[in-house]
Amino acid sequence: MPCERKPMRYGHSEGHTDVCFDDEGKCIVTCGSDGDVRIWESLDDDDPKSINVGEKVYSVALKNGKLVTAVSNNTVQIHTFPEGDPDGILTRFTTNANHVTFNSSGSRVAAGSSDFIVKIVEVVDSSQQKTLRGHDAPVLSVALDPSDEFLASSSCDGSVTVWSIESQTQVAQWKILQKSSDVSNAKSLCRLAWQPRSGKLLAIPVDLTIQLYDRNTWTHVSTLSDDLISQVVNVVVWSPCGKFLAAGTIGGNLLVWDVETKLCIERQKHEKGFTVCGMAWHPSGGRIAYTDTEGCLGLLEEKGDWRLSWFWKKREKT
């Protein structure tokens, strides 16, 4: 499958970075250990807008003109987008939050922290919060399913847990990850992701593979792998159509699978072999932004296959 890997751009000082697109896909937004959020009009933008939100920023999410960040002062902050004006603190933890994400409508934000806690906060009224307790080590990653029924979280305690948002209880748990004492020495960030629209599948990076779990039975139904992968998968992200899954690894491998056929249809390598720690798929498909642990931003751009293959599959079924 033809795909072009664009030359990477320096974005932030060395350290963990994250990336997302705005709702219309007009901007790429990155954050990093320098405490800045940067808004890129394109990969060729030589002067991206910079917003300082704290000493360090661990994660960023954007929806409906609201920019949310997990900051090193133990808060989850909200800023207006694209202006970057402070708009309050959504929630606080007793130590830093490691990952933040919106639900599909943008009405809720979920955050996972090193104090072992996950919180779900209503954006319009941050006093409305749900707290999920049960992990025995720092939380690595959180993901809200498209129907707002479940939240999935990964943790340094070696588990991936699915929670009922309504009852704030665990409905499934798998001890499938390597244990660690802290995010800084975890083997993987385990950025898991629900399949868009249906939420039928939950994709979890596990060692050198991606394991897919069915939301109706909570059983393992499929594994995606490839001979190119020699180091742990760090992050996964679904295409907007829910047909393809991209992954970034420790050591800089970038791969895309057709989930239905389980075929790896794209293989790329980070130009310097740095670890991929953030990935985001453009809202209309066709390109994937990614960031690394050295503070750089890159872009994979398709040559015409991802969306076309999805289109023809729909035509064949109708």
Within the accessible area of the chain (1.4 Å probe), percent carbon and sulfur: 46 percent
Could you pull out the GluC sites (Glu not before Pro) across segment 116-181 that fall in loop regions by DSSP (anything but H, G, I, E, B) with no more than 10 other Cβ atoms inside 10 Å? E166
Residues with amide H under 5 Å from that of H270, placed H, sequence gap 5 or more: N253, L254
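So what's the back-of-envelope 222 nm ellipticity for the chain, counting only DSSP H runs of four-plus at -39500 (n - 2.57) apiece and dividing by all residues, rounded to 500? Working shown, then result.
Working: 1 runs with 12 residues, N = 318.
That calculation yields -1000 deg cm²/dmol at 222 nm.
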Which whole-Hz couplings ³J(HN,Hα) result when phi for each residue of segment 26-41 is put into the Karplus expression 6.51 cos²θ - 1.76 cosθ + 1.60, θ = phi - 60°, listed in order with x for Gly and Pro? 7, 10, 9, 10, 10, 9, x, 6, 7, x, 9, 10, 10, 10, 9, 6
Net charge near S13: determine it from the other residues with C-beta under 11 Å of the C-beta of S13, scoring Lys and Arg +1 and Asp and Glu -1. -3
Using 1/(1 + (r/R0)^6) with R0 = 25 angstrom and r between the beta carbons of Q178 and S72, what's the FRET efficiency to the nearest 0.05? 0.50
Residues meeting the amide H criterion for R108 (H placed from the backbone, H to H distance under 5 Å, 5 or more places apart or on another chain) are N103, V123
Measure of exposure for E55: accessible area at 1.4 Å probe, Å² rounded to 10, is 140 Å²
Would you grab the residues whose amide H sits under 5 Å from the one on I265? Only those 5+ places off in sequence or on another chain, please, with H modelled 1.01 Å from N. V256, W257, D258
Hand me the trypsin sites (Lys or Arg not before Pro) from segment 264-302 located in a DSSP loop with no more than 16 other Cβ atoms within 10 Å, in residue order please. K272
One would report the Cα pair-distance distribution of the chain, bin width 10 Å, in %, as 6, 30, 39, 22, 4, 0
Set the Förster radius R0 to 22 Å, insert the Cβ-Cβ distance between N64 and E149 as r into 1/(1 + (r/R0)^6), and round the FRET efficiency to 0.05. 0.60
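If R0 is 25 Å, what FRET efficiency do you get for L263 and S105 from their C-beta distance, rounded to 0.05?
Efficiency for this residue pair is about 0.15.
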After finding the eigenvalues of the alpha carbon gyration tensor for segment 79-229, what semi-axes result from the square roots of 5 times each, listed largest first in whole Å? 25, 18, 15
Show me, for segment 6-21, the HN-Hα J-couplings you get by feeding each phi into the Karplus relation (A = 6.51, B = -1.76, C = 1.60, θ = phi - 60°), rounded to Hz, glycine and proline as x. 6, x, 6, 10, 6, x, 9, 5, 3, x, 4, 10, 9, 8, 7, 9
Mind listing P(r) for segment 138-207? All alpha-carbon pairs, 5 Å bins, whole percents. 4, 19, 29, 24, 16, 8, 2
Roughly speaking, what is the stretch gain from T209 to D115, that is 0.36 nm per residue apart minus the C-alpha to C-alpha distance, in nm to one decimal? 31.1 nm
Report P(r) for segment 1-90: all Cα-Cα distances, bin width 10 Å, range 0 to the bin holding the largest distance, values in whole percent. 17, 52, 25, 5, 1
For segment 288-303, what does the Karplus curve 6.51 cos²θ - 1.76 cosθ + 1.60, with θ = phi - 60°, yield as ³J(HN,Hα) per residue in whole Hz, taken in order and with x for Gly and Pro? 10, 8, 8, 10, 10, 7, 9, x, 9, 10, x, 9, 9, 10, 6, 9
Quick one: if you stick a label point 7 Å off each Cα along the C-beta vector at T223 and S164, how many nm between them? 3.2 nm
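The values are calculated or read from the model by the stated rules, or taken from the named source; none is laboratory data. Just so it is clear, the model here is predicted, and its values are computed rather than measured. Neighbour counts are summed over all protein chains in view; Cβ atoms, including those assigned to glycine, are modelled from backbone coordinates with ideal geometry. Side chains are part of the model used for accessible areas, which takes the heavy atoms of the whole protein and leaves out ligands, DNA and RNA. Shrake-Rupley method; radii C 1.70, N 1.55, O 1.52, S 1.80 Å.
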